[in-house]
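Asker: Starting off with a structure, shown below.
The values are calculated or read from the model by the stated rules, or taken from the named source; none is laboratory data. Keep in mind that what you see is a predicted model, and the values were worked out from it rather than measured. Quick reminder, even Gly has a Cβ in these numbers, built from the backbone with ideal geometry, and neighbours come from all protein chains shown. Protein only, heavy atoms only, side chains kept; ligands, DNA and RNA dropped before computing areas. Shrake-Rupley method; radii C 1.70, N 1.55, O 1.52, S 1.80 Å.
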Amino acid sequence: MRVKKGRSLWWVVHSWIGLKLSIFLTFILATGTFAVFAHEIDWLATPAMRVSPRSEPVASWGALAQAAVRAAPDARLQTLYAPIDPWFAVEAWVSRGKGAPERVYVDPWTAEVTGRHGWANVHRFLRQAHRHLMLPTKIGIPIVCSLALLLAASLVSGIVTYKKWWRGFFRAPRGGDGRRMTGDLHRLMGLWSLWFVALITLTGLWYLVETLGGNAKVPKLPEVAAGAMPTGAALDRLVTIARRADPALDIREIRFTSDNGVIFLGQSSAWLVRDRTNAVVVDPTTSRVVALLDGRTLNMHQRISEMADPLHFGTFGGLWTKAIWFLFGALLTAIAVTGTMIYAMRLARSSRSETGSMKIAWEGMGVWGYVGIALVLLTLILTPGAIGGAS
């Protein structure tokens, strides 16, 4: 009896999480899934981002920066981003001091401007909706990341209530009954997604720890005298200096700052870290390297912090890992939906009610259904102000 009672308690926990918070959970899972390919969605929607790959060498960073500056002479160049893939344009952020930056796209081979776009795009929407619901980060991140605790409880309760679950990986769903088939699909998707649920749960819990004050220390860069931001040949000279300081550095981003000089960031010898972990900082006035960041020197706390994003979004292996993360994110979203369907069909059968399953599910959610709808609507209402400036 103890085992049965224990399983019954875990089933209640599993069902409560899957039903009460299904609307909010599905929204966060869906936005996170599409966020994996957010840049690619923007590429489809924005012609200026699209270029044709060529066999000849790409233009220099100096030529790319010069093209961006010429396209927006009344703005300050903030950042240059290397193409994500060969069919992407270089992206430059330029600022006029007030409001959000503007994006300028440059062909990486010809150094010709292909177009301009405002700050708002699909990537910003999905990123900010998934991360903090367009709310201030100190409020929104804890709300979203608290779902990691519930995912952990759901993961444990699902395993406990599924007897001999390790035998179910290759068990085909049974037909003939909608509830039975939905339940079998739910369990099958859940089993194959166990590793992914655990990964998303762990990284989500880490984000929660960070926002509650457990974030790793970020190296402080030395200040340098303000000077003119280099483009053209002047920037190319700094690129040469940066590559001499770290020959393994694959420059993916260049930041033009007023107090720290020019910062070259990217991937180097350390694996599974964000671009900001590896950096060469050069004073544009003296052409002297004032700081060198190496991902291999991180302590354990910093290493965990810097690997969280690549693991959470699957960006560390290019299109292949992103495709895997997208697939399992879609499965996780489907698990949330089928869980709600199972609960609704079970209630409909036990009560022998003629009321529709979805209505029963909505009634079962109680006040939490309204909370979920309110959070989704609040995100959409806040979106124009949070990512305004699209052209």
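Asker: So which helices (runs of 4 or more DSSP H) are wholly in region 1-107 and hold at least 1 residues that are out of contact with any helix residue (DSSP H, G or I) (no Cβ under 8 Å at 6 or more places or on another chain) and either closer than 20 Å to Ala120 by Cα or free of Cβ contacts under 8 Å to residues at least 60 places away in the same chain (or both)?
Answerer: So the answer is 2-20, 38-45, 61-71.
Rundown of residues vs (1) surrounded by fewer than 16 Cβ atoms within 10 Å (Cβ to Cβ); (2) more than 26 Å from the chain's Cα centre (by Cα); (3) not acidic (Asp, Glu), yes/no style:
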residue	(1), (2), (3)
Cys145	no, no, yes
Leu150	no, no, yes
Tyr162	no, yes, yes
Phe169	yes, yes, yes
Gly183	no, yes, yes
Leu199	no, no, yes
Asn215	yes, no, yes
Met229	no, yes, yes
Val239	no, yes, yes
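Asker: Further question on the same structure: Going by the structure shown, is His301 in contact (Cβ under 8 Å) with a residue 60 or more places away in the chain, within 14 Å of Pro219 (Cβ to Cβ) and either open to solvent by 20 Å² or more (accessible area, probe 1.4 Å) or not in a strand (DSSP E or B) (or both)? Walk me through it before giving the result.
Answerer: Numbers: in contact (Cβ under 8 Å) with a residue 60 or more places away in the chain: yes; within 14 Å of Pro219 (Cβ to Cβ): yes; either open to solvent by 20 Å² or more (accessible area, probe 1.4 Å) or not in a strand (DSSP E or B) (or both): yes.
When the stated conditions are applied, His301 passes them.
Let's see how each residue does on (1) assigned to a loop (DSSP other than H, G, I, E, B); (2) modelled with pLDDT under 95:
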residue	(1), (2)
Thr203	no, no
Leu212	no, yes
Pro222	yes, yes
Met229	yes, yes
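Asker: Please give the number of the condition Asp246 fails out of (1) buried (at least 17 other Cβ atoms within 10 Å of the Cβ); (2) of a type in the set (D, E, K, R); (3) over 30 Å from Glu112 (Cα atoms); (4) out of contact with any Phe, Trp or Tyr (no Cβ under 8 Å at 6 or more places or on another chain).
Answerer: If we test Asp246 against (1) buried (at least 17 other Cβ atoms within 10 Å of the Cβ); (2) of a type in the set (D, E, K, R); (3) over 30 Å from Glu112 (Cα atoms); (4) out of contact with any Phe, Trp or Tyr (no Cβ under 8 Å at 6 or more places or on another chain), just (3) comes out false.
Asker: Go through region 282-335 residue by residue and tally those that are among the aliphatic types (A, V, I, L, M) and in contact with a Pro (Cβ under 8 Å, 6 or more places away or on another chain).
Answerer: The total comes to 3.
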